[in-house]
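Working notes, structure below.
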Amino acid sequence: MPRVSTTSKVSRWDQHGREHVVRVQRAGVQRTIRCDTCGWRRGAQFLPWLKAEEHLAEAHQATVDPTTARQPSR
């Protein structure tokens, strides 16, 4: 039976408005995380999305989550 590979991504923005993306690739039980910005790569069996977020925060100071809706000020 062939292996099915899937990819998802974690995006964050830094304080200068630049987007940084780490992709999480899954092939069977193996997961590899890779940063599009700097090429950093790591295998991650557990919690790959958390490790991706940590890399973005530490290496790129990218902490703004684009999926969090901003509430309008009143």
Per the filter on the stretch 20-41, residues in contact (Cβ under 8 Å) with a residue 12 or more places away in the chain, charged (D, E, K, R) and part of a strand (DSSP E or B) are ARG23, ARG26, ARG31, ARG34
When (1) closer than 17 Å to THR68 by Cβ; (2) among the hydroxyl-bearing types (Ser, Thr, Tyr); (3) open to solvent by 50 Å² or more (accessible area, probe 1.4 Å) are applied to SER11, the one that fails is (3)
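Could you please let me know if GLN45 is under 20 Å from THR63 (Cβ atoms) and open to solvent by 80 Å² or more (accessible area, probe 1.4 Å)?
Considered against the rule, which asks whether it is under 20 Å from THR63 (Cβ atoms) and open to solvent by 80 Å² or more (accessible area, probe 1.4 Å), GLN45 comes out as no.
The values are calculated or read from the model by the stated rules, or taken from the named source; none is laboratory data. The structure displayed is predicted, hence computed values, not measured ones. Note that each Cβ is placed from the backbone with ideal geometry, even for glycine, and that neighbours are counted across all protein chains shown. With ligands, DNA and RNA removed, areas are computed over all heavy atoms of the protein, side chains included. Shrake-Rupley method; radii C 1.70, N 1.55, O 1.52, S 1.80 Å.
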